[in-house]
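This report refers to the structure that appears directly beneath it.
A short reminder: the numbers here are calculations on the coordinates, not readings from a lab. Predicted model only: the values in this text are computed from it and were never measured. All Cβ positions, glycine included, derive from the backbone under ideal geometry; neighbour counts span all protein chains shown.
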Amino acid sequence: MAHPQETRDRVRQLYIEGMPLNGAAVTCGVSYDTARDWKAKSKEKGDDWDTARAAFRISEQGMDELNQQLVEDFARQVITTTRELEEAKIPAANKAQLLAQLADAYAKFSKAFARVNPQYSGLAVALDTLKVVVEHLKKHDPAVLRTLHPHIEDIGSTLGKRYASN
């Protein structure tokens, strides 16, 4: 099914303004694969959405806000990926390996970012604490986790705002 140019433009706009590509695709009613293809084809034609996204962030925000957004985006991606892995129909051993890799990437990102941006070390600890709470509830009280799940991204965003200003 061919999508109108307005839909492609809207996916691009949402992505450039900071929404993950899968979120922009869902918002606009297209598949992630379609959005990814549009992004790749645009890049071949000289329209690199990632470069536009970075330029948008820098022009719309100061560097401190950009750094805050990077941390929030990464945390959001970790949460989104974790949710997708929970629902994925893959062997448990593969899920465990992917989750371990994700946790390792998260730890490395947090440590590196805290080194170059000391004010974010508190954020790294806070987000790690949030992760520990989620893991605990997953093992010991899944019903409470299901209740908490819709709020986790907002909590991460709130933590980002609180610690970025310190």
Checklist entry - Tell me which aspartates and glutamates have Cα within less than 20 Å of LYS43's Cα, excluding those fewer than 8 residues away on the same chain? => result GLU6, ASP9, GLU17, ASP33
Item to check | Sorted peptide list for 82-94, 9-21, criterion being average Cβ within 10 angstrom, highest first | outcome: 9-21, 82-94
Item to check | Members of LYS138/LYS161; LYS41/LYS161; LYS45/LYS131; LYS41/LYS108 lying beyond 30 Å, as alpha-carbon distances in this model show | outcome: LYS41/LYS161; LYS45/LYS131; LYS41/LYS108
Next on the checklist: Quick check: convex hull of the Cα atoms in region 70-114, volume per residue, rounded to a whole Å³?
Outcome noted: 47
Checklist entry - How long is region 5-52 along each principal axis, judged by its Cα atoms, biggest number first, in Å? => result 25, 18, 17
